[in-house]
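Each value in this text was obtained by applying a stated rule to the coordinates, not by laboratory testing. Everything quoted here is computed from the prediction, not taken from an experiment. Using ideal geometry, Cβ is built from the backbone for each residue, glycine included, and neighbour counts are taken over all protein chains shown.
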Amino acid sequence: MQEVNFSAKEKDGDGKGDGIQWVLFGLGEEEYAVSATQVQEIVRATTITVVPNMPPFVKGICNLRGKIVPIIDLKERFAIEGVTDSTKARIIVAHIETQMVGFTVDSVTGVLRIAPAIIEGVPANLPKVDVDYILGVAKLPNRLILLLNLDKMLKNMEKLILESTAWDKK
């Protein structure tokens, strides 16, 4: 897959089909998705500069088109084990509230329009310890896809850490 930039037309949808467009990606053996409206671009994994005293899942920062962007490792954030194939690894650059953040993922598998009728909420019997960031589960014929809410993915303290650090003076 090559770099993908999302234009406003793609973000809003083209009126064809039913549902919202989601960017699908893999972490370990599971498939996840985030709303395409929050995704700025998808790039190949690049050199990341480590920043001292950050939480373990904050891998560092990188320069993306002249902007300094913090990079978060989603496998580390979700405590998912396994080796990442560097040829398939990508960074999903997305808007979280007021800032741009990059998320490392094992692979990006595409963009899919998901109808609201096939989305179920988080099961009530799932422990509520740290699942606020899961919007729901899309039930496709041969697989389940966890739909993530990027705005709720980081806890309040984690957001404060990222916001309080002057990543980019522009």
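Of note:
- Applying 1/(1 + (r/R0)^6) with R0 = 41 Å to the Cβ-Cβ distance of ALA124 and ASN53 gives a FRET efficiency near 0.60.
- Virtual paramagnetic centre 7 Å along Cα→Cβ of GLU76, amide N under 13 Å, in segment 17-57: 48-57
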